[in-house]
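The structure under discussion appears below in the form of structure tokens.
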Amino acid sequence: MSKVKVAVVGRGAIAQRRHIPEYAANPNVELIAFCDPVTERAEKMAETYGGNSYASYEELLKNEKPDAVSVCTPNYLHAPVTIAAAKAGAHVLVEKPMAGSEEEGLKMIEAAREAGVFLMVGHNQRLMPPHVKAKEILDSGRLGRVLTFRTSFGHAGPEGWSVDGRGNWFFRKEEAIMGAMGDLGVHKSDFIRYLLNDEISEIAGFIGTIDKEGTDVDDNAVCIVRMKSGAIGTLVASWTQYKGGDNGTVLWCENGVMKIGTDKGDEVIVESRNGNVETYKVGAMATNEKQVPSGVIDAFVDSIVTGTPPSISGEEGLRSLKAILGAFESQAAGKVIKL
């Protein structure tokens with residue numbers, strides 16, 4: 001079988017540390033093109049991995065015929081690049097948040113549908129080993145219904161992750177659209193929906209810029225959510241956890257409690273009401289400091305090779321996006337928003 005020809009648009013940290021190396025490691029992939037407005041970055045990738053470099057995605061799509069495109073740009077470009085790539089006949093993997101608005105998300109889904117290509121959103125939290133194990137345990141039914149929960153994602157901010165440090169696009173609202181909620185909160189709205197196999201029906205958001213100076217995007221959010229099942233919980237996103245960052249989730253269920261990634265970050269702990277305690281050490285979650293394969297690239301390529309629609313679809317990405325957009329609406333209106 002011929003290899004899947006892949007182009008990567010945007011060569012920031014997520015492309016450099018996850019997308020490109022993971023494509024390069026996949027035997028079914030040939031990297032054919034890289035694009036970044038900072039042309040040296042695209043050129044460096046082309047020198048390392050082969051293929052051509054471009055300064056604009058329009059130029060790339062005019063000159064190349066990729067089977068698939070990874071969209072690793074600032075958030076405001078997710079929709080235009082995705083739509084252009086789909087119209088060019090390429091399957092698309094877009095980073096999260098998939099778009100800046102529901103309208104954009106719908107247009108992306110429609111473009112992929114009309115072109116007959118797959119659209120996948122890079123919600124890698126679903127594929128982290130502790131999260132996979134937690135889902136398996138929860139789906140077995142032995143813990144019973146989830147009653148309450150907390151899920152959070154926090155670190156010291158994108159200045160430690162981005163290739164541009166403090167001058168990166170994450171802090172510029174016209175490019176980022178939203179801050180910690182778009183970066184981390186959407187991971188958690190997606191994960192809790194997936195883990196509980198449930199939808200967020202109501203959300204109240206307390207969102208603000210508390211400590212990052214010189215930016216008008218949010219650096220912290222605490223949300224209260226109610227699921228359709230009736231379960232209630234909190235969802236936290238933070239760029240100011242300067243020590244002891246958190247990517248943990250705790251579920252209090254009818255028959256016990258499940259703690260996911262709350263200790264060393266690589267475990268699931270189940271404490272049953274009868275006193276039994278089980279600890280499953282299943283492998284680390286990726287962090288900014290320690291990269292482990294995300295699984296997203298392999299899943300995307302597998303979808304293309306087998307002709308199977310991706311489970312983390314555009315529709316799934318949009319539902320997770322709508323939850324955080326609801327939190328912003330709640331913050332602005334000072335009331336609970338029904339989704």
Practice problem: Provide a single number: the residues in region 194-222 that are more than 23 Å from VAL121 (Cα to Cα) and of a type in the set (A, V, I, L, M, F, W, C). | Solution: 5
Quiz item: Can you name the residue in region 137-192 that is among the acidic types (Asp, Glu) and at pLDDT 95 or above and is also nearest to ARG18 (Cα to Cα) among such residues?
Solution: ASP183
Exercise. Please enumerate the residues belonging to region 63-91 that are open to solvent by 40 Å² or more (accessible area, probe 1.4 Å), farther than 20 Å from ASN28 by Cα and touching a strand residue (DSSP E or B) at 6+ places or on another chain (Cβ under 9 Å).
Key: ASN63, LEU77
Quiz prompt | Whichever residue in region 16-35 is out of contact with any Phe, Trp or Tyr (no Cβ under 8 Å at 6 or more places or on another chain) and either among the basic types (Lys, Arg) or closer than 21 Å to GLY167 by Cα (or both) and, among such residues, is least open to solvent (accessible area, probe 1.4 Å) | solution = ARG18
Practice problem: Check ASN247, ASN220 and return the single one that is farther than 28 Å from THR279 by Cα and surrounded by 19 or more Cβ atoms within 10 Å (Cβ to Cβ). | Solution: ASN220
Practice problem: Test SER201 against the stated conditions and say whether it is open to solvent by 20 Å² or more (accessible area, probe 1.4 Å), within 22 Å of GLU315 (Cβ to Cβ), in contact with a helix residue (DSSP H, G or I) (Cβ under 8 Å, 6 or more places away or on another chain) and among the polar types (S, T, N, Q). | Solution: no
Practice problem: Say whether the condition of being in a loop (DSSP other than H, G, I, E, B), at pLDDT 95 or above and in contact with a strand residue (DSSP E or B) (Cβ under 7 Å, 6 or more places away or on another chain) is met by at least one residue in region 283-306. | Solution: no
Quiz item: When residues of region 110-126 are filtered for being assigned to a helix (DSSP H, G or I) and surrounded by fewer than 20 Cβ atoms within 10 Å (Cβ to Cβ), how many remain?
Solution: 4
Quiz prompt | Residue tally, condition under 20 Å from ALA85 (Cα atoms) and acidic (Asp, Glu), over region 30-44 | solution = 2
Quiz item: Just one of the numbered conditions (1) touching a residue at least 60 places away in the same chain (Cβ under 8 Å); (2) of a type in the set (Val, Ile, Thr); (3) part of a loop (DSSP other than H, G, I, E, B); (4) closer than 28 Å to GLU22 by Cα is not true of THR262; which one?
Solution: (1)
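To keep it simple, each residue is scored yes or no on (1) of a type in the set (D, E, K, R); (2) part of a loop (DSSP other than H, G, I, E, B); (3) under 30 Å from ARG273 (Cα atoms); (4) touching a Gly at 6+ places or on another chain (Cβ under 6 Å).
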| residue | (1), (2), (3), (4) |
| --- | --- |
| ARG150 | yes, no, yes, yes |
| GLU174 | yes, no, no, no |
| ASP183 | yes, no, no, no |
| SER189 | no, no, yes, no |
| GLY205 | no, no, no, no |
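The values are calculated or read from the model by the stated rules, or taken from the named source; none is laboratory data. Keep in mind it's a predicted model, so treat the numbers as computed, not measured. No Cβ is skipped: glycine too gets one built from the backbone with ideal geometry, and neighbour counts run over all protein chains shown. For the accessible areas, the whole protein counts, side chains as well, though only heavy atoms, and no ligand, DNA or RNA atoms are used. Shrake-Rupley method; radii C 1.70, N 1.55, O 1.52, S 1.80 Å.
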